[in-house]
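Report on the structure given below.
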Amino acid sequence: MALSGLAIYKHLPKENCKECGLPTCLAFAMKVASGQAGLEECPRLGDDARSALEEASAPPQRLVTIGDGDPAVAIGQETVMFRHDEKFHNPCGIAVRVDDSGNDSEVDQRLSSIKDLSFERMGRTMAVDMVAVENSSGDTARFTETARKAAALDKSVILISSDPAALKAAGEAIADARPLLHYSGGADSLDAAIEAAAALKLPLGLQSPSLEEIADMAEKAREGGLQEMVISPGPGKPAEVLEFLTKARRAALKQKFRPLGYPSMAFAPGEDDAAIVAACWYVLKYAGIVVIDTVEPAAVVAILTSRFNVYTDPQKPVQVEAKIYEINEPGAESPLLITTNFALSYYSVESEVEASRVPSRILAVDTEGTSVLTAWAADKFNPETINEALVKSGAGEKVSHNKCVIPGMVAVISGSLEEESGWDVEVGPKEAVGIVSYLTSRWKK
Ligand code: SF4
């Protein structure tokens, strides 16, 4: 949370020595508040004042990064309870649990299934991005071996154990992959778990269904030198898990309660419908990581779609690039359909064109991501903007005919578009669902 200039000024030495390059401490405070100067530029700032300022300006929820490089998952640093108030910033990680008590071929098969859990939606790839290896075997060597296999999958890794020594051994073996060490034991061995995470410089997961206990554990870990933590109620009834997630988020964001200012992790054990629904709930409210058991693609895609939807910016419509898209390998005589660059409009048209099997081109006009009728009403999808898109995309050089097809919803602009562009304008179906029959029976170049 940003501090005001006056709040910063209260902590400064107030000596007006000018060593920071500014005439007064107040001027320096204003520069820091606006992000144009850093605290390190004041050589006279004491350690206490510096740490007080750093603490006060820290975000209410920490950012925690699990993984290294490309497969890294950054979670937390959320700022609002409700998406429509701003947006949710860092998409939660979706982790599939791998039980290390299975035999080699069971573990290999499960990891292979996880690798395949990747889907395309509205031009983007949605995939499971984490593997949670659980030390159910109680065997440290087995746990470490499974951790190594998980790390080779190019996903971020969570190591789950109630045994700090097992966490340390497996964490050390894959330290380069920067796993989350999730300590699922009680307070008795907490010190050893904190020491393991601190020694390996890895984030630590803490588990208790009690918010009070989790807050105490997090404070202890912070005093032990850890900054990156993930809090979890562990497996539980969905209503109780949701209560934990909601209260923790509210305490961090609304009451600025630092001991709960960490992203959370929820478990949705089981492979039945109830587990899938619970996982979707946890994605929406307010898990930073959701650990699931299922590798059933239809179930996983539902969970990934929940994430995709809730982490889009509600103030920015999902858009596709404004350009010509070629579907079914079109030739020069293929039809040219026009729509807007609102993702839902474009993909509705694209899927119908694909289904028709008629080689075609689709020109997505830049309407700032608004749908056909909205863009037309806002004067963003009009003869001038469409003609501009036709020229800019080089549509005339790609086809041997002079005909374009506009959505039936805006039939009213067909005449003026012909005058503006010189193209023959055909009026297509009002809804995308009519495109197959239009292309297969009505389209003639
Ligand atoms: Fe004030 Fe520090 Fe700048 Fe000196 S260096 S004027 S004490 S802010």
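The values are calculated or read from the model by the stated rules, or taken from the named source; none is laboratory data. Small disclaimer: the values here were computed from a predicted structure and weren't measured. We place every Cβ from the backbone using ideal geometry, glycine too, and count neighbours over all the protein chains shown. Please note that ligands, DNA and RNA were not included when accessible areas were found on the heavy atoms of the full protein model with its side chains. Shrake-Rupley method; radii C 1.70, N 1.55, O 1.52, S 1.80 Å.
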In the range 94-116, anything under 18 Å from Val300 (Cα atoms) and either assigned to a loop (DSSP other than H, G, I, E, B) or not assigned by TED's automatic domain parsing to the domain that holds Pro297 (or both) is listed as Asp116
Note on Gln255: of the conditions (1) free of Cβ contacts under 8 Å to residues at least 24 places away in the same chain; (2) closer than 26 Å to Gln109 by Cα; (3) not in a helix (DSSP H, G or I), unmet is (2)
If we keep only residues of the range 9-40 that are in a helix (DSSP H, G or I) and within 7 Å of the ligand (Cβ to nearest atom), then the residue farthest from Thr79 (Cα to Cα) is Cys25
Of the residues in the range 84-100 that are touching a residue at least 12 places away in the same chain (Cβ under 8 Å) and over 13 Å from the mean Cα position of the chain (by Cα), the one that is nearest to Leu242 (Cα to Cα) is Ala95
Requiring at least 2 residues that are touching a helix residue (DSSP H, G or I) at 6+ places or on another chain (Cβ under 6 Å) and modelled with pLDDT of 95 or more, the strands (runs of 3 or more DSSP E) wholly within the range 120-201 are 130-134, 156-161, 180-183
When every residue in the range 41-51 that is assigned to a loop (DSSP other than H, G, I, E, B) and loosely packed, with under 13 Cβ neighbours inside 10 Å is compared, the one farthest from the ligand (Cβ to nearest atom) is Gly46
The correct count of residues that are surrounded by 23 or more Cβ atoms within 10 Å (Cβ to Cβ) and closer than 24 Å to Thr305 by Cβ in the range 246-277 is 7
Problem - Residue within the range 314-328 that is among the polar types (S, T, N, Q), assigned to a loop (DSSP other than H, G, I, E, B) and not assigned by TED's automatic domain parsing to the domain that holds Leu204 present - result: yes
The number of residues in the range 18-40 that are within 35 Å of the chain's Cα centre (by Cα) and either crowded, with 17+ Cβ neighbours inside 10 Å or hydroxyl-bearing (Ser, Thr, Tyr) (or both) is 8
Of (1) more than 20 Å from Tyr282 (Cβ to Cβ); (2) in a loop (DSSP other than H, G, I, E, B); (3) away from the ligand (no atom under 12 Å from the Cβ), Leu6 fails just (2)
When the range 375-403 is checked residue by residue, the ones that are in contact (Cβ under 8 Å) with a residue 12 or more places away in the chain, open to solvent by 70 Å² or more (accessible area, probe 1.4 Å) and out of contact with any helix residue (DSSP H, G or I) (no Cβ under 9 Å at 6 or more places or on another chain) are Lys398, Ser400
Tell me, please, whether a residue that is farther than 16 Å from Ile406 by Cβ, part of a loop (DSSP other than H, G, I, E, B) and at pLDDT 95 or above can be found in the range 359-376.
yes
- Task: Would you be able to say whether some residue in the range 52-72 is within 16 Å of the ligand (Cβ to nearest atom), open to solvent by less than 20 Å² (accessible area, probe 1.4 Å) and without any contact (Cβ under 8 Å) to a residue 40 or more places away in the chain?
- Result: no
Flagged in the range 405-428 as in contact with a Ser or Thr (Cβ under 8 Å, 6 or more places away or on another chain) and either open to solvent by less than 40 Å² (accessible area, probe 1.4 Å) or assigned to a helix (DSSP H, G or I) (or both), in numbering order, are Ile406, Pro407, Val425
Filter the range 287-331 for residues that are farther than 21 Å from Phe119 by Cβ and touching a helix residue (DSSP H, G or I) at 6+ places or on another chain (Cβ under 7 Å); the one that is least open to solvent (accessible area, probe 1.4 Å) is Ile324
